[in-house]
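*Asks:* One structure follows; several queries about it will come next.
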Ligand SMILES: Nc1nc2c(ncn2[C@@H]2O[C@@H]3COP(=O)(O)O[C@H]4[C@@H](O)[C@H](n5cnc6c(=O)[nH]c(N)nc65)O[C@@H]4COP(=O)(O)O[C@H]3[C@H]2O)c(=O)[nH]1
């Protein structure tokens, strides 16, 4: 049965046997067929030849008998055909087609000769037959027909076929036997190769090799097979090495590595992944992993996951992992898809890192960026941000809001006298008190050294703000104990309201600042609401600032000099330089109006420098031309900004050099407040000035702190008693007592005393009686231009020499 299956599903052995049988059988069959055909052809030729010979002999003999119509002769002649057993019929027809003689073999089924010649056609069946003409000379006189049986030929062919089949059978059998035995030569090596392959596959051992048994094509196949095995073995080894490397790398990796298969199952995680998730051994399911994500980050994580799985896009996100009784862990997750070389999805590969520390640092940085590190309050940046938001919210809700700007009064003094540590403690305490004084949703911030702001939201009435401001003043007025000392600090508060004053954050800040300055002007430790007047004055301030710049370039400034007179012998001891601004439209603008503005904007540096240079030049020329004696001093006012300018000393030195004024002829007038800003550095600067040979005068003495303890420490040559004390002499006993005490005290400290604003003889007498050294005032002279001074000096000289 197996032989009847299609050839390609047969075993190789069978195929080989079948092929051998088919080949042999077919070859022999074709050969036999050829032989049988040849045999048939040759036998047929023999029969034809035989019939020809018989026909020619009988037709020759029949010629005379037919001519003479000797029919018995004809018959006798024809009967000779019986000598050949294969001839079954012989018929002679006259030229009229009529049968004249007939021979029929004594065999059954042999038909006789038909009476007419044409009736012969078709009667022969399978037998062989031939027609011969019976000739008389050249003319045909009849026709001879001879028919031989085909059975002999068939019998011969049958015998031939029988033997052929016998040979074919024997050959096929022989071929079967040989093929069955010899097929082993081909199939055994193939079988062995197959066995080796099965063995390798079973054991997954690629070091096994196939046995080469022959040096033919099968041997080549074994060689190729072994080469292939070697390649697989090598590739396997390198794959194992690379796998080992990957395993070690992932084990040592500082980042957590995970792999998810195409069916979305967590397939592999490294040790670091487990450490981050606090999972000891097992690999959790993807569902468990998602369950660990902080609820606030879950949506973001799911969106990223959809992006990765549905859109096949790489993802990067920062999320938190929750852990019971622990702070959440911040992780960064990076993941992308994994495909094989045909583009089929294998799964997803990703990495996670613990970024908790980074996040903490980020938070700290954000705190630094938005909070004041000393007090923990919001800083200027955050405050601005909240102010802008609060203004918008107030606009939306049509509610009111107040901005308070606080500046500590004389904080600098605390810093200077008790040190920065004490200053810091004080700021912290102030911050604490401010926070305690307002509601929780109000914002308190420190926007600068000793500047604080408070944002009061939901203000229904101005009175609410007033109450808060009073409370703040009260709370801050309580002494603060620092380094064993009770220190009282006060603040000046500026208040502005939105939407009443403005709905713009910048303008609100400016308003509150302006109101705070007004509070300071009004004696500190109070609060002021912003008003339009303040705004107007600031506008004027701005206009003045612009005009001062123009005045400098358009040379609208000039100098006047007011003489100072010795109260002992009335000689001129010196002159004070005073600045004049002659505005082309506004006329004379007093220095008291524009100098504070120039001081605030810094323009005083340029103006002061010009005053110093011009004073020295002009007075130096008067000294050189001997109009003034070389002992005369020119006193120049120095503002606080000028005094604190680091380039002051260089500037003075260069002016002395340029103007060629002897340094001892120059005197610099400083106010008490200038010196009190930073006592220690003021002393250093004054000492440097003194080293050059320049004297120092204290202007407006009595109007500032009048702290004798400090005055003692300063290297002062001259003390100028302020006009406000002199002015009420002799009417005010108090002022007279103070003036007398100041003169006595200054003399004790070896200072020269100059009384300012001497207008009357009584004042002069009082001052002289109390040994005041010098006087300056309208009684002696008003401030004079250079030409006027020139004239005054000659007149004065003339008067005193008379
Ligand atoms: N009623 C009255 N006034 C008298 C009398 N004697 C002098 N004065 C005025 O008193 C002021 C004295 O100058 P100061 O105290 O330094 O006060 C000065 C000084 O502080 C400042 N100043 C003037 N020029 C300059 C300058 O060049 N630089 C700086 N930084 N300040 C200057 O402007 C202030 C005012 O200067 P001035 O208006 O020139 O006013 C001058 C002067 O004209 C008097 O008998 N009666």
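*Asks:* Where does helix 648-659 land angle-wise versus the long Cα axis of the chain, in degrees 0 to 90, nearest 10?
*Replies:* The two axes meet at around 60 degrees.
*Asks:* Length gain on complete extension for the stretch residue 204 to residue 790, per 0.36 nm per residue less the alpha carbon to alpha carbon distance?
*Replies:* 198.8 nm
*Asks:* Using only the Cα atoms of the chain, each taken as one equal point scatterer with no solvent, compute I(q) by the Debye sum, divide by I(0), and report log10 of the ratio at q = 0.05, 0.06, 0.08 Å⁻¹.
*Replies:* With no solvent term, the Cα-only Debye profile gives -0.62, -0.75, -0.94.
*Asks:* Then there's this: Going by how many other Cβ atoms sit within 10 Å of their own, how do 773, 722, 275, 340 line up, fewest first?
*Replies:* Ascending number of Cβ neighbours within 10 Å: 340, 275, 773, 722.
*Asks:* Moving to a separate point now. For an R0 of 51 angstrom, estimate the FRET efficiency from the Cβ-Cβ distance between residue 728 and residue 657 and round to the nearest 0.05.
*Replies:* On the way: r = 44 Å, r/R0 = 0.87.
Computed FRET efficiency for residue 728 and residue 657 comes out at 0.70.
*Asks:* Still on this structure, I have one more. Over 5 Å intervals from 0, what percent of Cα-Cα pairs in the stretch 161-285 sits in each interval?
*Replies:* 2, 9, 11, 10, 8, 8, 8, 8, 8, 6, 5, 4, 3, 3, 3, 2, 1, 1, 0
*Asks:* When the C-alpha atoms of the stretch 298-450 are aligned to their principal axes, what extent does each axis show, in angstrom, from largest down?
*Replies:* Extents along the principal axes: 80, 44, 30 Å.
*Asks:* Rounded to the nearest 5, what % of the DSSP beta bridges within the stretch 543-801 are antiparallel ones? Before the final figure, lay out the partial values.
*Replies:* On the way: 15 of 38 bridges.
Counting only bridges with both partners in the stretch 543-801, antiparallel ones make up about 40 percent.
*Asks:* Taking every pair of alpha-carbon atoms in the stretch 374-530, give the share separated by more than 26 Å as a whole percent.
*Replies:* 22
*Asks:* Treating each Cα of the stretch 744-802 as an identical point scatterer and ignoring solvent, apply the Debye formula and state log10 I(q)/I(0) at q = 0.13, 0.24, 0.26 Å⁻¹.
*Replies:* Debye curve over Cα of the stretch 744-802, log10 I(q)/I(0) at q = 0.13, 0.24, 0.26 Å⁻¹: -0.44, -1.00, -1.05.
*Asks:* Let me have the relative contact order for the chain, percent, based on Cα pairs under 8 Å that are six or more residues apart.
*Replies:* The value is 6 percent.
*Asks:* How far is helix 505-521 tilted, in degrees, relative to the longest principal axis of the Cα atoms in the chain, given as a value from 0 to 90 rounded to the nearest 10?
*Replies:* 20
*Asks:* In angstroms, what radius of gyration and Dmax does the stretch 603-702 have, counting Cα atoms only?
*Replies:* Taking only Cα atoms of the stretch 603-702, I get Rg and Dmax of 13.2, 41 Å.
*Asks:* If you count the DSSP beta bridges with both ends in the chain, what percent of them are antiparallel, to the nearest 5?
*Replies:* 75
*Asks:* Would you mind telling me the antiparallel percentage of the DSSP bridges in the stretch 374-530, rounded to 5?
*Replies:* Taking every DSSP beta bridge with both residues in the stretch 374-530, the antiparallel ones total about 85 percent.
*Asks:* Then there's this: Given a Förster radius of 60 Å and the C-beta distance between residue 37 and residue 211 as r, what FRET efficiency does 1/(1 + (r/R0)^6) yield to the nearest 0.05? Kindly include the intermediate steps, with their values, before the conclusion.
*Replies:* Details: r = 52 Å, r/R0 = 0.86.
According to the calculation, E is roughly 0.70.
*Asks:* To one decimal place, what Kirkwood hydrodynamic radius in Å is obtained for the stretch 543-801 from all pairs of distinct Cα atoms?
*Replies:* 18.9
*Asks:* Per 10 Å bin from zero, what fraction in whole % of the C-alpha pairs of the stretch 708-792 is there, up to the bin with the longest pair?
*Replies:* Computed distribution, short to long bins: 17, 46, 27, 10, 0.
*Asks:* Moving to a separate point now. Taking other Cβ within 10 Å of each residue's Cβ, how do 588, 225, 766 sort, fewest first?
*Replies:* 588, 225, 766
*Asks:* Sticking with this structure for a sec: If you fit an axis through the alpha-carbon atoms of helix 733-748 and take the longest principal axis of the Cα set of the chain, what angle between them do you get, 0 to 90°, nearest 10?
*Replies:* 80
*Asks:* While we're here: Over the Cα atoms, compute the radius of gyration (one decimal) and Dmax (the largest Cα-Cα distance, rounded to a whole number) for the stretch 631-768, in Å.
*Replies:* For the stretch 631-768, the Cα radius of gyration and maximum Cα-Cα distance read 15.7, 48 Å.
*Asks:* Across the stretch 13-156, what fraction of all alpha-carbon pairs, as a whole percent, falls in each successive 10 Å bin from zero upward?
*Replies:* Values per bin, smallest distances first: 11, 35, 24, 11, 8, 6, 4, 1, 0.
*Asks:* Using just the Cα positions, wrap the stretch 253-361 in a convex hull and report its mean projected area in square nanometres, one decimal place.
*Replies:* Working: hull surface 28.7 nm².
Spelled out: convex hull of the Cα atoms, projected over all directions, averaged, 7.2 nm².
*Asks:* Please arrange 700, 296 by counting, for each residue, the other beta carbons lying within 10 Å of its beta carbon, fewest first.
*Replies:* Sorted ascending by nearby Cβ count, the order is 296, 700.
*Asks:* Please report, for the Cα atoms of the stretch 569-633, the Rg to one decimal and the Dmax as a whole number; what are they, in angstrom?
*Replies:* Here Rg and the maximum Cα pair distance are 14.9, 43 Å.
*Asks:* Another question, if that's okay. So what's the gap between the Cα centers of the stretch 647-725 and the stretch 17-39, to the nearest angstrom?
*Replies:* 143
No value in this document is a laboratory result; all are computed from the given coordinates. Predicted, not measured: the structure shown is a model, and the values here were computed from it. Neighbour counts are summed over all protein chains in view; Cβ atoms, including those assigned to glycine, are modelled from backbone coordinates with ideal geometry.
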